[in-house]
Amino acid sequence: MIALVDCNSFYASCEQVFRPDLWGKPVVVLSNNDGCVIAANKEAKALTQIPMFEPVFKIKQLLIDHDVSFFSSNYTLYGEMSQRVMNTLKQFSPQVEIYSIDESFIDLANMRFVNLDAHGHHIKNTIFRNTGLPVGVGIAPTKVLAKLANRMSKKIAHYKHVCVLDTPEACKQALKDAEIKDVWGIGKKHCQRLNNRGIFTANQFAYEVSLEWVRKNMTVVGERIWRELRGEPCLSLEMLPKAKKAIGTAKSFGNKLTDLGLIEEACAYYISEVSEVLRKQNSCAQFIQVFLQTNYHSDRDAQYSNSITVTLSTATNDTFILTLEATKALRTIYKSGYRYKKVGVNLSGLIPQEFVQMNIFDSVNPQERSALMQTVDKLNQKYGKSTVNSGLVGNRQEKWELIKKDRSPRYTTQWSELLAIDSNWS
Amino acid sequence: MEFESIHKIKRPDKTHKAGSSEQTGFPSPATHYLESTIDLNLILTRNRDATFFIRIQGDGWREHMICNRDVLIIDRSLPATAGKLAVIVKDGDFTVARIAKDSFKDSDTVLWGVVTYIIHAV
């Protein structure tokens, strides 16, 4: 049996753990740069007048009018709380697949002798007790069915956030009640296609569509879903994340920038972020892409955007070499006289570190440099992000950094930002 | 009970050193008595995934030996035992109080976490 455990409105719930005054009240979380609403709790979703993914400036008054609390995203907090949930889950099974920041699959193969419903509640209660975060648990024979069970655990009140599909009858009933669009892994296109053939429920898909048709029209991916819905496990738990094929980052500036120097510093900072990720997974990049753009939402500004990809003479994950190359690339696409909104970098053509072909004309000693980068990573891990960085990053971050006006304190990672309780007040 | 799968055996902690002498002259008489140095993290935070720190402002809880700017260590995994000091949420506000038998009789009063230690700077 496989359990899918996922946190209910994770970002909003993280905020609420430390804000009991907001328990039971609508809360939303805004994207980077406070651009739009990216997460909302149950109470906020119930206010149907509030559209998700709308720019905040358009709906701010609406939020205030409905007494909705809003927070800038605090990924430091969410990441740390997520870690607590995942660690707690490891008590229940040695095999945990961390699927996303708020979702994990756990293998309950060794749990055949326990009452699964009680076990699901035990998992849910333990996570809540440890972290204050509410979760839903779906338990079923396969991943796709567990995902379905998890969905039911939230939709159907009497399950109390734990739903177990442990008999063929229970699975069959769940499939009958599920629309095809709610099945994990079936996209809009396939959904439309199946609807056109008169297939509307998961049960129709699993038992009325032939395997040949699925194979032909939905490839092996569709076949796996089809089999999993019928209770045949095809997707195994992935304990290690797949190495990424490309790593990039691009964030809007807090204010529009015209000065090349500042844009270079932002670009250098992003390079230091992505090259650190590269080193963590022991790979090197062969190509580096830099792009630059103005604010295409604005009608007043002159528009310009461009992008350039550079092939590196030797694949590398060295921050200093990458920064140098990125800066050169940026200079070739930069044009003065525009108000830029965003710079981005993308490292691609990733290969394992040990497969890097040396270039006879390289002047740096790769071993020495790799020792330097390891030291930089260690220092930054110990003393905080970007404690040691390339000089090209500069110290004018406040001029280009994202705006996070309404970010909550980093309660669990910063001694200076702990949750504070006033003893005189109560 | 049957075992269905065998998992990777964990490596022993690298920081643990067996008590062998590294001195070049006389062997240390402490060789067989070496222990690890006290680590407050291990002692004060028994369950890291359930541990939170909260700073108290003001001197309103002197009766609980809590002073202005003190930091409470909270272990949320501990049960609500009567007599224990705890952070409690009452009508949406945090407060610190000793748990009594009937502390959580009303549904508007819930336990946030049990206080295990008070860190007081002198």
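The values are calculated or read from the model by the stated rules, or taken from the named source; none is laboratory data. Fair warning: this is a prediction, and the values are worked out from it, not measured in the lab. With ideal geometry, Cβ positions are generated from the backbone for all residues, glycine too; neighbour counts draw on all protein chains shown. Protein only, heavy atoms only, side chains kept; ligands, DNA and RNA dropped before computing areas. Shrake-Rupley method; radii C 1.70, N 1.55, O 1.52, S 1.80 Å.
Quick notes on this one:
- Helices (runs of 4 or more DSSP H) completely within region A:202-296 that count 1 or more residues being open to solvent by less than 10 Å² (accessible area, probe 1.4 Å) and under 17 Å from A:Phe320 (Cα atoms): A:260-280
- Cβ pairs under 6 Å, 6+ apart, first in region A:55-66 and closer than 13 Å to A:Cys36 by Cβ, second acidic (Asp, Glu): A:Val56/A:Asp34
- Identity of the residue in region A:140-179, among the acidic types (Asp, Glu) and not in a helix (DSSP H, G or I), that ends up farthest from A:Arg230 (Cα to Cα): A:Glu179
- Residue list for region B:67-92, filter: part of a loop (DSSP other than H, G, I, E, B) and more than 11 Å from chain A (Cβ to nearest Cβ): B:Thr81, B:Ala82, B:Gly83, B:Lys84
- Selection status of A:Ile59, open to solvent by less than 50 Å² (accessible area, probe 1.4 Å) and either touching a helix residue (DSSP H, G or I) at 6+ places or on another chain (Cβ under 9 Å) or within 14 Å of another protein chain (Cβ to nearest Cβ) (or both): no
- Residue match in region A:132-140 (condition: in contact with a helix residue (DSSP H, G or I) (Cβ under 9 Å, 6 or more places away or on another chain) and on the phi > 0 side of the Ramachandran plot): yes
- Answer residue from region B:31-49, given it is more than 14 Å from chain A (Cβ to nearest Cβ) and not in a helix (DSSP H, G or I) and is farthest from A:Met81 (Cα to Cα) among those: B:Leu34
- Scanning region A:107-115 turns up one or more residues that are free of Cβ contacts under 8 Å to residues at least 60 places away in the same chain, crowded, with 16+ Cβ neighbours inside 10 Å and within 14 Å of chain B (Cβ to nearest Cβ).
- With respect to the conditions (1) open to solvent by 50 Å² or more (accessible area, probe 1.4 Å); (2) under 15 Å from A:Ser272 (Cβ atoms); (3) assigned to a helix (DSSP H, G or I), A:Thr387 falls short on a single one, namely (3).
Listed here are the residues, each with its yes/no results for (1) touching a helix residue (DSSP H, G or I) at 6+ places or on another chain (Cβ under 9 Å); (2) within 12 Å of chain B (Cβ to nearest Cβ).
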{"position": "A:Asn41", "(1), (2)": "yes, no"}
{"position": "A:Phe71", "(1), (2)": "yes, no"}
{"position": "A:Gln83", "(1), (2)": "yes, yes"}
{"position": "A:Glu103", "(1), (2)": "yes, no"}
{"position": "A:Gly120", "(1), (2)": "yes, no"}
{"position": "A:Asn125", "(1), (2)": "no, yes"}
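- Test result for B:Arg46, at pLDDT 95 or above, more than 23 Å from B:Val122 (Cα to Cα) and within 14 Å of the chain's Cα centre (by Cα): no
- On the stretch given as region A:185-201, residues that are open to solvent by 30 Å² or more (accessible area, probe 1.4 Å) and in contact with a strand residue (DSSP E or B) (Cβ under 9 Å, 6 or more places away or on another chain) total 2.
- Failed item in (1) under 26 Å from the mean Cα position of the chain (by Cα); (2) more than 15 Å from A:Ser275 (Cα to Cα); (3) open to solvent by 40 Å² or more (accessible area, probe 1.4 Å), with A:Glu368 passing the rest: (1)
- Selection within region A:254-265 - at pLDDT 85 or above and not acidic (Asp, Glu): A:Lys256, A:Leu257, A:Thr258, A:Leu260, A:Gly261, A:Leu262, A:Ile263
- Evaluation of A:Lys342 against the conditions (1) touching a strand residue (DSSP E or B) at 6+ places or on another chain (Cβ under 9 Å); (2) in a helix (DSSP H, G or I) shows that the sole unmet condition is (2).
- Some residue of region A:63-71 being of a type in the set (Val, Ile, Thr), at pLDDT below 85 and closer than 28 Å to A:Phe253 by Cα: no
- Residue within region B:27-40 that is within 26 Å of A:Leu77 (Cα to Cα) and within 14 Å of the chain's Cα centre (by Cα) present: yes
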